[in-house]
Amino acid sequence: MLIGIDLDDTIAATFEPYFVYAHKWCLEKEIINFNTTITIKNHHNVEDMLNMTDKQKNKFELAYHNQIIANVYPKTLAKTVLSMLANDNHQIFILTARSNITKQTQLITKKWLKYYKLTYHKLIFDCNNKAQACKAYNIQCFLDNDPKNCLAVSNSGITTYIFHTYWNQNFTNKKVKRVYSWWDFYQQIQKAQI
């Protein structure tokens, strides 16, 4: 089976360090008009949560983005399950919206995946339309933490799983199956093969 998997906050635990560094940057720049309510709508949008302008967000990302992505950790059991999926002859495609915020973003991402020995077969950057990418690469199963991506992919007729987080816990859709851990995802894939 061809399995498409999101990187940030699905394989990599990115949100907390991203938010902490953004908050630090805002405090240093005396940008103190915070909106720290995390919702499905704004959880990926640090500029909304911290009331940053686009210009401020760009300056923050130039200063910290590569440091953050180089130092996040894989989610618990991600490495184990990715390896098991590959051993079961599944092809793993990592679909990430990460782009070249700086010239090194893609290189750092590849080094990070290699450092943690995370198994995958194809890495797709600048993937802002995951439904379109899943169709283009004939992906049969998709895992992401973002309800918007999950809904779009499931509406394309692809089996879709949402990786549970506190900001997506109220999202429900009959076409999207919720998994609570990497092990839960692996068991769902095993059941689908029977």
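The values are calculated or read from the model by the stated rules, or taken from the named source; none is laboratory data. Fair warning: this is a prediction, and the values are worked out from it, not measured in the lab. We place every Cβ from the backbone using ideal geometry, glycine too, and count neighbours over all the protein chains shown. To get the accessible areas, we keep the full protein, side chains included, count just its heavy atoms, and leave off ligands, DNA and RNA. Shrake-Rupley method; radii C 1.70, N 1.55, O 1.52, S 1.80 Å.
Pairs please, first residue from segment 178-194 and over 26 Å from residue 166 (Cα atoms), second anywhere and hydroxyl-bearing (Ser, Thr, Tyr) and part of a helix (DSSP H, G or I), Cβ atoms under 8 Å, 6+ apart in sequence or on different chains.
As it stands, the answer is none, since no pair meets every condition given.
Checking residue 108 against (1) assigned to a helix (DSSP H, G or I); (2) closer than 30 Å to residue 190 by Cβ; (3) more than 15 Å from the chain's Cα centre (by Cα), which test does it fail?
(2)
When segment 94-104 is examined, which residues are found to be out of contact with any Cys (no Cβ under 7 Å at 6 or more places or on another chain) and surrounded by fewer than 18 Cβ atoms within 10 Å (Cβ to Cβ)?
Scanning segment 94-104 gives 99, 100, 101, 102, 103, 104.
Within segment 126-163, work out how many residues are open to solvent by 30 Å² or more (accessible area, probe 1.4 Å) and under 24 Å from residue 84 (Cα atoms).
Counting residues in segment 126-163 that are open to solvent by 30 Å² or more (accessible area, probe 1.4 Å) and under 24 Å from residue 84 (Cα atoms) gives 4.
Pairs needed: first member in segment 125-147, closer than 17 Å to residue 10 by Cα; second member anywhere, among the aromatic types (Phe, Trp, Tyr) and at pLDDT below 95; C-beta distance under 6 Å; at least 6 residues apart or different chains.
Hits for this filter: 147/171.
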